[in-house]
Structure formats: C-alpha cells, structure tokens
Amino acid sequence: MLKFADDTKVYRVVDNRLDSSQLQNDLDVLGNWAVKWQMKLNVEKCKVVHCGKRSIEFEYSLLVHPLEAVASEKDLGVVFSSDLKLRRQCEEAYSKASQMLGLINRTIQFKNPKVLLPLYKSIVRPHLEYCSAVWSPQYVKDKYLLERVQHRFSRIFTVRATAQQQAGIMDT
C-alpha cells in the first residue's frame, strides 16, 4: 500500500488467480479498516489498472462495490496506462504547454527575447518537465512531440525578425 495525502494505492504483482484473490483480500482488509475507523472511502473514484500484456483481468471490489477497470489513470498529474507507454502523458504535457505558449503569443505584444524567455521558462516549460524523472519519454515520436513546443516558441522570434527586416527596423 502507498499513501500520499488523501490518496491510497493498493497494488500487488498478480501472476495467477491466487495472487488476484490475495489482492482482493487486501482490498477487503482496507474496506473493513475504513468501516471500523469510520473513514469514508469514495469508492466511485477508485479504479483498477491492469498492467502488462499477460494481465489477469480479475474483477475487484471494495466495500461490495465493483471497481471500474480502466486502460489509463492520472495519478498526481502523471498519466499511467495499462501498457506502461507514455504517449498519453506526452500528449497531455504537449497540449498544456501548447496552450500556454498560445496564450503568451496572443497576449504579449512586445515580443522581445528578454520578455518572452522568462515567460516561456516560467509558464510553458514546467508543463513539459513536470515529473519528467518518472515519465521521461523513450520513443522518438514522443520526444519530437514535446520538442514541437520549443520549435513553435523559437519561430516567434523568427517571425518577429523577418517582419522587422521587411519594415527596415533594426534592434539596438
């Protein structure tokens, strides 16, 4: 069992039906403990993620309520999937970072690197780097997806420089 604030994770390596039964027993013990100590569990929010290709699709329950089996679940801001691939996490990080970059591009009129770079580092990059030690992308396509945000950011300066050259304006 793992706990963090009001989050509790019950997990076990399940290779056979006996392991499934033992995990169900762990859930029963947790449920009985919660009843004994009058601690309310929000069973509707409880999920099961079966990880691995040879996973036994056992149906678990907590306090006689069946637990929903899902293909992926977000935990502390990181998306974990049953195949243990990180594509969805990379897509979510890309989406959030891209939204923030769009916000900066739309709202900041003075597109000077001294203004934009601190904004990028404080508003955009944290979405790309949050918990990256846990989910660091391994596939080239995932790395490329995340790098697209940085490429978009660098084009803001290229567009600005081109417009200034066409207008005959020089920075001093």
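The values are calculated or read from the model by the stated rules, or taken from the named source; none is laboratory data. This one's a predicted model, so the numbers in the text were calculated from it and none came from an experiment. Using ideal geometry, Cβ is built from the backbone for each residue, glycine included, and neighbour counts are taken over all protein chains shown.
Against the conditions (1) touching a Pro at 6+ places or on another chain (Cβ under 8 Å); (2) without any contact (Cβ under 8 Å) to a residue 24 or more places away in the chain, Lys40 satisfies every one except (1).
The set of residues in segment 4-46 that are over 20 Å from Ser81 (Cα atoms), of a type in the set (Gly, Ala, Ser) and not in a loop (DSSP other than H, G, I, E, B) comprises Ser21, Gly31, Ala34. Between Leu27, Leu41, the distinction of being farther than 13 Å from Tyr60 by Cα and surrounded by 14 or more Cβ atoms within 10 Å (Cβ to Cβ) belongs to Leu41 only. The single condition among (1) under 27 Å from Asp28 (Cβ atoms); (2) surrounded by fewer than 14 Cβ atoms within 10 Å (Cβ to Cβ); (3) at pLDDT below 95; (4) not charged (D, E, K, R) that Thr107 does not satisfy is (1). Looking only at segment 135-160, residues that are over 30 Å from Leu84 (Cα atoms) and loosely packed, with under 13 Cβ neighbours inside 10 Å come to 4 in all.
Here's the yes/no breakdown for (1) closer than 22 Å to Leu145 by Cβ; (2) aliphatic (A, V, I, L, M):
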| position | (1), (2) |
| --- | --- |
| Gln24 | no, no |
| Asp28 | no, no |
| Leu41 | no, yes |
| Lys47 | no, no |
| Lys53 | no, no |
| Leu62 | no, yes |
| Lys111 | no, no |
| Leu119 | yes, yes |
| Val124 | yes, yes |
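Being closer than 30 Å to His50 by Cβ, surrounded by 13 or more Cβ atoms within 10 Å (Cβ to Cβ), free of Cβ contacts under 8 Å to residues at least 24 places away in the same chain and in contact with a helix residue (DSSP H, G or I) (Cβ under 8 Å, 6 or more places away or on another chain) holds for only one residue in Ser72, Ser132, Ser81, and it is Ser72. Among residues of segment 47-69 being β-branched (Val, Ile, Thr) and not in a strand (DSSP E or B), the one that is surrounded by the fewest Cβ atoms within 10 Å (Cβ to Cβ) is Val64.
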